Amino acid sequence: MPTFLSNISSKLPDATTSIFAVMSKMAHEEQAINLSQGYPDFPSSPQLIELVTKAMREGYNQYAPMPGIFSLRGVIADKILSLYGAEYNPETEITITAGATQAIYTIITAMVQTGDEVVIFAPAYDCYDPAVRINGGKTVEIELKAPDFKIDWQLVKASLSERTKMIIINTPHNPTGTVMSKDDMKQLEDLVKNTDIVVLSDEVYEHIVFDGEAHQSVARFPGLAERSFLVASFGKTFHNTGWKMGYCAGPAALMAEFRNVHQYNVFSVNHPVQRALATYMKSSENYLSLSEFFQQKRDLFLSAIEKSKFSFKPSKGTYFQLLEYKAISNDNDIELAKRWTKEKKIASIPISVFYKQGVDNKYLRFCFAKSDETLMRGAEILNKID
């Protein structure tokens, strides 16, 4: 091997394999019920799959336009206008991406420069901090205190500085299942007023909100929309995370910077899937029915573990549920998650991995985007843990 390889200076020297990959691999090896990684174990819509097949047969197998096909961008603009009352120009303000994570990385790469600070809220999805650091920035982590995981806006205000370039929000929130309220969004809007701060709003679970709540998108608030990137996911919405399809919306000036990067790290994304989605999304029922669909699964799961020794507050959004295990064990959450995967045959995600400092509040995250049979089998195991 060439000796010069030993002199490489890593941009992420402390990087490890994602906990999602670790736990899913362990679940497979141990033949455990996998309630860890966030993907459904039931099929996508047969209609959507047929639409993709049809697009392939019709010859849409070469590069799509760099920003995505116009018909799909148009139906996205219609959806945002219908749901949130905000107009986005599909020509200049919407771009189709290879999943939400690519959109997030592209936004951060386009906006963050050396020395910039980015505010994140922990527990935070694990792609935020590495993307900021790779681009020479620094994350300022604000802890959401258990058990409510609410944002302390006075603390946010005190954490801002002249170096603050971006604030990243995530609602509905992974991993806690909380949702930001209208008041939260108004406070954020007031906080960034008369600043140059950009907001990255991760809204991949926008259509999975429970108990009659309305998703509070940045698009609803003019003072936020004018400075925000909105990130969404078709994979989360339509039960096909393996397709890696999403989109980004934002004002033209921001989107121009986004596309400057997008054209060089992806250029364009899956053409036949775009054709299929453009048709499938014309029926709003295909995404507006998701809240009821997943609330039934949440309620089934929580009802089934009601007599267990776990404590919980019902998830308000996403398809994740936190379970507190303090009444069962005082063990480290990472070690416990691994041990229960091996010994109890049920896999989950430890929450401490979502904090830079590894805060361990004795919670595990369970995914309920599973068949009813899988959920009941998982609940049976959890009820026996003491």
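The values are calculated or read from the model by the stated rules, or taken from the named source; none is laboratory data. Please read these numbers as outputs of a predicted model, since none were measured by experiment. Backbone-built Cβ (ideal geometry, glycine too); neighbour counts: all protein chains shown.
Every residue in the range 65-92 that is crowded, with 24+ Cβ neighbours inside 10 Å and under 17 Å from V199 (Cα atoms), please.
If the condition is that a residue be crowded, with 24+ Cβ neighbours inside 10 Å and under 17 Å from V199 (Cα atoms), then Y88 is the only one that fits.
Could you please give the count of residues in the range 284-328 that are not in a helix (DSSP H, G or I) and not hydrophobic (A, V, I, L, M, F, W, C)?
Residues in the range 284-328 being not in a helix (DSSP H, G or I) and not hydrophobic (A, V, I, L, M, F, W, C): 18 in total.
Can you tell me which residues in the range 133-151 are aliphatic (A, V, I, L, M) and part of a loop (DSSP other than H, G, I, E, B)?
Within the range 133-151, L144, A146, I151 meet the criteria.
Working carefully through the options Y125, Y84, find the one that is among the hydroxyl-bearing types (S, T, Y) and modelled with pLDDT under 95.
Selected residue: Y125, the only one of Y125, Y84 that is among the hydroxyl-bearing types (S, T, Y) and modelled with pLDDT under 95.
Pick out, from the range 153-231, the helices (runs of 4 or more DSSP H) lying fully within it that include 2 or more residues that are touching a Pro at 6+ places or on another chain (Cβ under 9 Å) and in the same structural domain as V353 (by TED's automatic domain parsing).
Correct list: empty, since no element meets the threshold.
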